[in-house]
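All remarks here apply to the structure that follows.
The values are calculated or read from the model by the stated rules, or taken from the named source; none is laboratory data. Note that the structure is predicted; figures quoted are calculated from it, not measured. Positions of Cβ are generated from backbone atoms using ideal geometry, with glycine treated the same way; all protein chains shown enter the neighbour counts. Keep in mind that these areas ignore ligands, DNA and RNA; they rest on the heavy atoms of the full protein, side chains included. Shrake-Rupley method; radii C 1.70, N 1.55, O 1.52, S 1.80 Å.
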Amino acid sequence: ESKDTEAYIEILGEKIDYLTEQYNLSKKEAKAIENKVAALETNISDNEREIEEITAEVKVLETNIKTLNKQFSSVYNDYCQRIRAIYISGEQGSILTFILGSDSVSNFLTRMQMVAAISKQDGELLREVQTQTSEIMAVKKQLDDKNEKLKTSQTTLKSSKTKLKAERVTLLQNQEAMEKQQAEIEKEQEEQNRYLTELHAKTKQYGEFRDITQAELDEIDADIEAADKRYA
């Protein structure tokens, strides 16, 4: 009976070892999932902060574009009016007539300087239009780049949140499995301890019984030996 009990206790031990191994694997897996969750939470936090920063930058760029467009409209309207006036008045021919109509060299030079000043003013007006156009295009490109980056960040954030949700579900399932495994291990250990206690008790009982029996046999042997001598 003790051999059968010892064999069963050994089987229980093997089962406990197997369950413990499975529990440790689940624990390791849970740790890996926890690390993933922590990394995803960090990524989400960084992503949200980046989105806030980009959104603020987009607002500044949009304000800048509005201001530049307003300035550009004013300069561009002035330039268009100047071009319209030149076209309507036929100023190019008038300028030539104005210069050639000089009655002296001094008058000719004076008129040339006046025409040059007007032409310079028109050139500066054109350059200002071109400069503001370039600024608006540059700011618009920055705005487009920021919006594209914002879109990418929002997509990444959405994906990270979806992954985080899935990983948390997996982690919860893993923790529930670990609790069941731990309960099973404790149950098997209790049964093993119960059988070990029972085995020890029975072994001790059997040892006492065996000692008592041997003493009685020795006493019987002594009685027989005495009887032999007495009734020789």
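Some values worked out for this structure:
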{"item": "Total residues in the stretch 42-55, condition of a type in the set (D, E, K, R), in contact with a Ser or Thr (Cβ under 9 Å, 6 or more places away or on another chain) and open to solvent by 80 Å² or more (accessible area, probe 1.4 Å)", "result": "0"}
{"item": "Residue check for Leu19: more than 20 Å from Leu196 (Cα to Cα) and either surrounded by 11 or more Cβ atoms within 10 Å (Cβ to Cβ) or touching a residue at least 40 places away in the same chain (Cβ under 8 Å) (or both)", "result": "no"}
{"item": "Residues of the stretch 146-195 that turn out to be touching a residue at least 40 places away in the same chain (Cβ under 8 Å) and more than 30 Å from Ala7 (Cα to Cα), as a count", "result": "18"}
{"item": "Residues within the stretch 142-160 that are touching a helix residue (DSSP H, G or I) at 6+ places or on another chain (Cβ under 8 Å) and closer than 10 Å to Asn47 by Cβ, tallied", "result": "5"}
{"item": "Any hit, the stretch 66-88, residues being modelled with pLDDT of 80 or more, in a helix (DSSP H, G or I) and β-branched (Val, Ile, Thr)", "result": "yes"}
{"item": "Residue that is farthest from the chain's Cα centre (by Cα) [pool: residues in the stretch 154-194 that are within 23 Å of Asn35 (Cβ to Cβ) and hydroxyl-bearing (Ser, Thr, Tyr)]", "result": "Thr170"}
